[in-house]
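The values are calculated or read from the model by the stated rules, or taken from the named source; none is laboratory data. Since the structure is predicted, the reported quantities are computational estimates derived from the model, not experimental observations. No Cβ is skipped: glycine too gets one built from the backbone with ideal geometry, and neighbour counts run over all protein chains shown.
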Amino acid sequence: MRVLGVDPGLTRCGVGVVDGVAGRPLTMAGVGVVRTPADADIAQRLVLIERGIDAWLDEHRPECVAVERVFSQHNVRTVMGTAQASAVAMLCAARRGLPVALHTPSEVKAAVTGSGRAGKEQVGAMVTRLLRLDAPPKPADAADALALAICHIWRAPAVNRLQQAQAAARRAAPVRAPGIRRAAPQKGTTR
């Protein structure tokens, strides 16, 4: 499986491509950052992110895109920019018919380091070990993008099995017409 990981951000949007399957050694196929000038108009910055992600999708041809799920931050301006960059990444993938997976920062940290509270240095060190790199990818946004891809490769089989089991359970459940409910009998009435 080839996964493009995206650590969304307006100034630096980390991107990393990892090849592999759960239980086997992983390989980095590419890593980098899509940058935009902080003084540019927000709309232009989003266009630059779109072009950058499209270029990565064209060059690396991933089977899936894993994006960091935006979480609440105290700085509303920062979370808005991150959410907008995240939406651009999801849009680029959806246009190509690629599945998109969202992973929380703590989920990624736990998958890669064993602790959902790991720091950036720990994530970078584990990404370096897992991908057998000479040095941690810089900046941290690039390492985070690789960590997202690794997390998805490791979690996808379990998530797929869970989704298949849920779909099978829905198929096995009795079918009822939507919006129609059987009313409970009123006191003093018989059915």
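For the stretch 93-124: of the residues being of a type in the set (Gly, Ala, Ser) and touching a helix residue (DSSP H, G or I) at 6+ places or on another chain (Cβ under 8 Å), which is nearest to residue 66 (Cα to Cα)?
Checking each candidate, the answer is 101.
Can you pull out the residues in the stretch 1-47 that are crowded, with 23+ Cβ neighbours inside 10 Å, acidic (Asp, Glu) and either assigned to a loop (DSSP other than H, G, I, E, B) or free of Cβ contacts under 8 Å to residues at least 60 places away in the same chain (or both)?
Those that are crowded, with 23+ Cβ neighbours inside 10 Å, acidic (Asp, Glu) and either assigned to a loop (DSSP other than H, G, I, E, B) or free of Cβ contacts under 8 Å to residues at least 60 places away in the same chain (or both): none in the stretch 1-47.
Could you grab me the full set of residues in the stretch 112-157 that are among the basic types (Lys, Arg) and in contact (Cβ under 8 Å) with a residue 40 or more places away in the chain?
Correct list: 132, 155.
When you check residue 82 against the structure, is it part of a helix (DSSP H, G or I), surrounded by fewer than 20 Cβ atoms within 10 Å (Cβ to Cβ) and among the hydroxyl-bearing types (Ser, Thr, Tyr), yes or no?
no
Here are the criteria: (1) modelled with pLDDT of 95 or more; (2) closer than 19 Å to residue 123 by Cβ; (3) among the β-branched types (Val, Ile, Thr). Tell me which single one residue 36 does not satisfy.
Status for residue 36: all satisfied but (2).
Which is modelled with pLDDT of 95 or more, out of contact with any helix residue (DSSP H, G or I) (no Cβ under 6 Å at 6 or more places or on another chain) and part of a helix (DSSP H, G or I), of 161, 155, 129?
Numbers: 161 fails: modelled with pLDDT of 95 or more; 155 fails: modelled with pLDDT of 95 or more.
Checking each option against the conditions leaves just 129.
Mind checking whether some residue in the stretch 88-102 is more than 17 Å from residue 156 (Cβ to Cβ), touching a Lys or Arg at 6+ places or on another chain (Cβ under 9 Å), surrounded by 18 or more Cβ atoms within 10 Å (Cβ to Cβ) and among the aliphatic types (A, V, I, L, M)?
For the stretch 88-102, residues more than 17 Å from residue 156 (Cβ to Cβ), touching a Lys or Arg at 6+ places or on another chain (Cβ under 9 Å), surrounded by 18 or more Cβ atoms within 10 Å (Cβ to Cβ) and among the aliphatic types (A, V, I, L, M): absent.
Would you mind stating whether residue 115 is hydroxyl-bearing (Ser, Thr, Tyr) and not in a helix (DSSP H, G or I)? Spell out how you get there, then give the answer.
Numbers: hydroxyl-bearing (Ser, Thr, Tyr): yes; not in a helix (DSSP H, G or I): yes.
In short, yes.
So which residues in the stretch 30-50 are over 16 Å from residue 140 (Cα atoms), touching a helix residue (DSSP H, G or I) at 6+ places or on another chain (Cβ under 6 Å) and aliphatic (A, V, I, L, M)?
46, 49, listed by residue number.
Could you tell me which numbered condition residue 106 fails, if it satisfies all but one of (1) more than 13 Å from the chain's Cα centre (by Cα); (2) polar (S, T, N, Q); (3) assigned to a helix (DSSP H, G or I)?
It is condition (1) that residue 106 fails.
Quick one: which residue in 50, 63 is touching a residue at least 40 places away in the same chain (Cβ under 8 Å), under 18 Å from the mean Cα position of the chain (by Cα) and over 23 Å from residue 108 (Cβ atoms)? So that I can check it myself, show each step before the final result.
Details: 63 fails: over 23 Å from residue 108 (Cβ atoms).
Among 50, 63, only 50 is touching a residue at least 40 places away in the same chain (Cβ under 8 Å), under 18 Å from the mean Cα position of the chain (by Cα) and over 23 Å from residue 108 (Cβ atoms).
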